[in-house]
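Novice: One structure, as structure tokens, below. Some questions next.
Bear in mind that the values in this text are calculations on the coordinates, not laboratory data. Keep in mind the model is a prediction, meaning the values are calculated, not measured. For neighbour counting, all protein chains shown are included, and Cβ atoms are generated from backbone atoms with ideal geometry for every residue, glycine included.
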Amino acid sequence: MVDSKHQWKAWIYLAPAVVLLAVFTVWPIINTVRMAFLADYKPLEAAGGATFAFGIANFKKAFAFNAFLTCLKNTILLCVLTVPISTALALLIAVALNSIKPLQKFLQTIFFLPYVTNSIAIGMVFAAMFNIIGNTTNLYKTEYAIYARNKEEQASVFELSERDDTHYSFVGNVDDIYYYMDLTTQKDIDKCDVIADYSGRRYSGSSKAISDSNVFFSKNSNGSYKLVATTSEGIKYLNSGKESSLSALQLTSDSSKAAEIFADPVLNEDGEEIGYRLWFMQTPLKGGDAVKTYFTVEHISSIASIGIVNNLIERFGGRRVNWINASSSYAANIFVMVVYIVWNALPFKILILMGGLQSINKQYYDAAKIDGTSRRRILTRITIPLLSPMLAYVIITGFIGGFKEYTSIVGIFGDSMGPTGDPGKLQTMVGFIYDSLAGNNYGLASASALILFAIIFVVTMINLQVSKKRVHY
Amino acid sequence: MKVVLQNVTKIFPSRNKKSNEEVVAVNNFDFTIPDGKLVGLLGPSGCGKSTTLYMICGLQKLSSGKIFFGDDDVTDLSPENRGVGLVFQNYALYPHMTVKQNIMFPLQNLTGKDKLTKEEMLERTQEAAKLVQIDELLDRKPSELSGGQQQRVAIARALVKMPRILLLDEPLSNLDARLRLQTREEIRRIQRETKITTIFVTHDQEEAMSISDVIVVMKLGVVQQIGAPQDVYDSPRNLFVAKFLGTPPINVFEGQIKGGKVMIGDEVVVTASDVPDQKLYIGIRPEGFIVDPNGPLTCNLQSVEVMGRDSSVVSTNDASLNPTIRSIIDSDIKVAPGSKTVNFRIKPNKIFLFNKETEERIFCEVK
Amino acid sequence: MAEKNNTMHEKNLAMVTATQRVVQILVKILVYAFLIVMALIILFPFYWMINSSLKTLDEYRLNVPTFWPRKVIFANYPGAFTTANLGRLFLNTLYVGVVSTILSLVITVLSAFAFARLEFKGKNAMFAFLMATMMIPGELFTITNYSTVNTFGWIDTYVVLIVPFLVSVFYIYLLRQNFLQIPNELYLAAKVDGTSDIKYLWKVMVPLSLPTLISITILKMMGAWNSYIWPRLVTKDDAHKLVTNGLRNAFTASTGDVNYPVQMAAVAIVSFPLFLVFIFLRKYIMKGVSRSGIKG
């Protein structure tokens, strides 16, 4: 090494780094600690000459803050859930990847992809995937209005007499004849058998008579629906099929039996279909000419349209869930966050663990093979112990990163840090620090930052202690 | 348990994408390793000995041929079902387990009717440890042991499951010289005690010769000669085997045989009957030289090295293929240090004749 | 009798071998299936992003989503550009990224050189101190730094986005390790030849450490591209917003619904440069990341 006559040269080289570090690293450490102990420190006021009490008031205030405790809870919960899951998953993937030769590099590249993405940008994609647009309080709610016209074209609106989640009953009166309409919204259209049940009254007259008619919606292979009527003469398709969330229609009447039922779609001015109009010919009991009776079924408010995740759930027969929208449950929110955070955490862990796996001497596996060791035993008695330094590293950094989780939540929920109407529900410790900062309460922010640091420090120490016992170097 | 290799061949596809060269690592091996013997696979690096070993234990698949353990065809059997024990060149001891756990490990893999209780496992472990004399080190970790101790642990681990066959890959190459002598005796002793058919691989001919019951000399994937060490030494089948065995190495000369007279240069050293006239390679063992002022072979004396029990005479001769000729003579015989030349008489059983083109040994009666 | 035993034995051996082969194949299939399923799950959001970005809003809203748009439109992309003002955001981020990377590289190289090659009093203490600062979470600094830059009047400038992060102790450490591996004799020989330090750095050490430097460059640029928290704190006006902030806030739904396809297009545009960098420079990124794992 060149002798120290040129010491000053070294310091010149280091000068920019030292200056910057002093201002932006060293000073902040000192200052933050200082501010943490000055109650409610606000720099503006400090500049104006105000003094602040020295003590742990900030810390006390922090813990008294409800928001703080929420943030603490969120942070810890997310950490405790995501670190084990992502580590275990990463281990499985790394072991599996390590055992195959073709496609290994290719798959490795794929698994690394989430690392290079912008955590907020992709968060928005996840939000879209888990999203529900529209009515989120009752996911299956659909309003229907039914009205009928008699021969004088007078409309009478049916009244809703009963309703539960999937079933609507209307009753209406047209020319003193009561009609009951039952609407069922079944999830699986193929399973529903709607019966528009008019047990057989036949008409004479020009229109064809049917004894029993069933009208139901049948789903096409491309997802659209069509109205189908089955008559004693076979299946008739009444309608060429449009998108509809109306799944089933059941028509009963106390007095008359239906003739053939016809259906026309009802369109609004934009040409969008908003309902169906059913009509049939019938003769009133009192006698007289056969009359066209119309029933129009309109859906007046759209059902919630759902993101791909819910779609997949429903396709496999489950019920849709409100994941992240207004009035979604905390458990659902946490679930989405865990999925997203794990998705983001996998690449780094897989990379490190694979590096570790590849550094294990192959001869250990050969020796174990000769000794007839089962695959499971090789994994638990040889691979994992020899991998333990990497595992420890991955877990420790996982926890440290987990405690600092913030941007991934912004990615999914936006700046409000919670579903609409419930801001701050998913706020984390780091978020709390920034909130305090935005609220100009530097003292509180500093104290919270110190608390966070203390937690991270303690957890890391614990991890290191545990790893001393269980890690083999 | 005898091991039979039947037309065993191993070909490695070429790694070079441009050329189509395959490497024939093992070429049509066909021999039987007798039961209960200590067998050495000997040869320079690249001769296929390690490959053969790995094929016997199942870590390497054969390109063609069959391997039998006794009467069982194990060619397609995976290693864990063959009942072999393998001691790796680098021991491959699990670094995170103690010696005891390392040795016990194979026992814990036994299932079904072979399953052992904890006590039985401990007992077997103790026995194995005692056999290799490391029973005092059971609670240490491998990193705390010396090379020689680590190797003994590796041997114990291989033996604890009472394998039908014990395989050792270059067992002595990682040890220092002092330890080598000691350890090869250990291997011998253990083999004699357990009577397990043992095969080991080495490039050191002294090692192989000193402890093997049978040695198999290999070169570039082809078996050169099989036999008891002394037999192979005393009667090599070709020039390679002759040169490979023996320290100091055999002295090779260019010569010829004419009319039954074996000549080096112009001098007739011995006579051999029933050999047609031809040019030859002549090999003479160092101990085959007898200093005799009237001896037929004249060499230029370079030096006499005193080794105590013997003396080593270093000389040169124009016909010699080696830069110098080494002869081991009894130290009672004195060679006049000032003399320029020295004459030798050759012991007939220490001179070998080889065909100049094929380098194969010409078997004949030599006087 | 002996023959019978032999055949039985052979049969058993054959059975064992066959069973083993079957098990081996089954395990291989399972492993591949698992990996492929996981890979698909990892890839799914990307695919969904592209898929959605090519749809019309109506098609996006369909109850039964389509896995490839029935009608592929590219109009969302220009739309995204204008809605989120992506052009300006890109420029800002590029400017900040490039300037900070160059400056940072200079500082890192000089500092690493000082630690690796020069002898000076307090070197070890200084280095140990730097290592210690690595352990402290960044949030602790942010608070004071915010106050500091406020005092300096740096809010809503480019300076505030660049200067505070010029020094990364980790990169200095990484580069120093690299420099240490270059034999010292080269330096001494160069000194004897009268080469100045700077020349030596530029002509010898930098070229020899190129892989590490490239990794650092890429990671720093990625950092600028992905940064969110600090820019959000210190830039309020649009002239200085960086990509991530602009993106998130451009689509906050004030009324009703978010135009998801356009938003997805925006996300795709923003992710694309990173994706390109990944494809071509993947080796450097992965090496840089994993080195942070293998240390210590």
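Novice: Would you mind calculating the gained length between B:E287 and B:K195 on full extension (0.36 nm times residue separation, minus the Cα-Cα distance), in nm to one decimal?
Specialist: Working: separation 92, 0.36 × 92 = 33.12 nm, distance 3.45 nm.
The B:E287-B:K195 span can extend by a further 29.7 nm.
Novice: Right, here's the next one. Using a 7 Å offset from Cα along Cα-Cβ at B:S143, what residues in the range A:348-377 end up with backbone N under 18 Å from the label point?
Specialist: Inside the label zone: A:356-357, A:359-362, A:364.
Novice: In bins 5 Å wide, starting from 0, what share of all Cα pairs of the range A:64-120 does each bin hold, as a percent?
Specialist: Percent of pairs per bin, in order: 4, 15, 14, 17, 15, 11, 9, 6, 4, 3, 1, 0.
Novice: Taking 7 Å along the Cα-to-C-beta vector as the label spot, tell me the A:K73-C:K199 distance in nanometres, rounded to one decimal.
Specialist: 6.9 nm
Novice: Evaluate the relative contact order of the range B:96-251 (contact order divided by residue number), counting alpha-carbon pairs under 8 angstrom at least 6 apart; express in whole percent.
Specialist: On the way: 169 pairs, mean separation 26.2, N = 156.
Relative CO of the range B:96-251 lands at 17 percent.
Novice: Could you calculate the FRET efficiency of B:E119 with A:K362 from 1/(1 + (r/R0)^6), where r is the beta carbon distance between them and R0 is 25 Å, rounded to 0.05? Walk me through the numbers before you get to the answer.
Specialist: Values: r = 34 Å, r/R0 = 1.36.
The value I calculate is 0.15.
Novice: Okay, next question. Using the count of nearby Cβ atoms within 10 Å as a rough guide to exposure, how do A:R320, C:R248 rank from fewest to most?
Specialist: Details: A:R320 17, C:R248 22.
So the ranking, lowest neighbour count to highest, is A:R320, C:R248.
Novice: Let me ask another. Hey, rough spin-label estimate for B:Q230 and C:V106, points 7 angstrom out along Cα→Cβ, what's it come to in nanometres?
Specialist: Inter-label distance under the simple model: 8.4 nm.
Novice: Take the Cα atoms of chain B, find their three principal axes, and give me the spread along each one in whole Å, biggest first.
Specialist: Projected onto the principal axes, the Cα atoms of chain B cover 76, 48, 41 Å.
Novice: B:T298 to B:E136: extension gain in nm, 0.36 nm per residue of separation minus the Cα-Cα distance?
Specialist: Details: separation 162, 0.36 × 162 = 58.32 nm, distance 5.99 nm.
Gain in length upon complete extension: 52.3 nm.
Novice: From the gyration tensor of the Cα coordinates in the range B:4-129, what semi-axes in whole Å does the equivalent ellipsoid have, largest first, with each one equal to sqrt(5λ)?
Specialist: Working from the Cα gyration tensor, I get semi-axes of 33, 18, 14 Å.
Novice: Based on the alpha carbons, how large is the Rg to Rh ratio for the range C:76-290 when Rh follows Kirkwood? Could you put the intermediate results ahead of the total?
Specialist: Numbers: Rg = 20.5 Å, Rh = 19.5 Å.
Computed over Cα atoms, the ratio is 1.05.
Novice: Also, quick follow-up: Counting other C-beta atoms within 10 Å, which of C:W230, A:W27, C:W68 has the fewest, and how do the rest follow?
Specialist: On the way: C:W230 20, A:W27 15, C:W68 10.
Result, fewest neighbours first: C:W68, A:W27, C:W230.
Novice: Which percent of Cα pairs goes in each bin when the distances of the range C:13-157 are cut into 5 angstrom slices starting at zero?
Specialist: Reading the bins upward from 0: 2, 6, 7, 8, 9, 9, 8, 9, 10, 10, 8, 6, 5, 3, 1, 0, 0.
Novice: Given R₀ = 35 Å, what would the calculated FRET efficiency be for A:F65 paired with A:I384, taking r from the Cβ atoms and rounding to 0.05?
Specialist: Numbers: r = 42 Å, r/R0 = 1.20.
With R0 = 35 Å, the Cβ-Cβ based efficiency is 0.25.
Novice: I would also like to ask the following. Please find the FRET efficiency linking B:R309 to C:A128, where r is the Cβ-Cβ separation and R0 is fixed at 51 Å, and quote it to the nearest 0.05. Don't skip to the answer; put the middle values down first.
Specialist: On the way: r = 63 Å, r/R0 = 1.24.
With a Förster radius of 51 Å, E is 0.20.
Novice: Multiplying the sequence separation of C:L40 and C:F74 by 0.36 nm and subtracting their Cα-Cα distance, what value in nm do you get? Provide the component values of the computation, followed by the final result.
Specialist: Numbers: separation 34, 0.36 × 34 = 12.24 nm, distance 2.50 nm.
Between C:L40 and C:F74, full extension yields 9.7 nm more.
Novice: Among C:A268, C:F74, C:L35, whose Cα lies farthest out toward the positive end of the dipole of chain C, if unit charges sit on the beta carbon of Lys, Arg (+1) and Asp, Glu (-1)?
Specialist: C:L35
Novice: Over what distance in Å are the Cα centres of the range C:89-112 and the range A:56-104 separated?
Specialist: If we compute the Cα centre of each part, the gap is 31 Å.
Novice: Among B:M55, C:M135, rank each residue by its count of other Cβ atoms within 10 Å, from fewest to most, as a rough exposure measure. Spell out each step's value before the answer.
Specialist: Details: B:M55 24, C:M135 12.
Ascending number of Cβ neighbours within 10 Å: C:M135, B:M55.
Novice: Equivalent ellipsoid semi-axes for the range B:180-255, as square roots of 5 times the alpha carbon gyration tensor eigenvalues: give them largest first, rounded to whole Å. Before the final figure, lay out the partial values.
Specialist: On the way: eigenvalues 128, 36, 21 Å².
Ellipsoid half-lengths, sorted descending, are 25, 13, 10 Å.
Novice: Report the label-to-label distance for A:T460 and B:K66 in nanometres (one decimal), using points 7 Å from each Cα along the Cα→Cβ vector.
Specialist: Spacing of the two 7 Å Cα→Cβ label points: 6.5 nm.
Novice: Before anything else, pin down the relative contact order of chain C: Cα pairs under 8 Å, at least 6 apart, normalised by residue count, whole percent. All intermediate terms of the calculation are to be shown ahead of the outcome.
Specialist: Working: 230 pairs, mean separation 88.1, N = 296.
This gives 30 percent for chain C.
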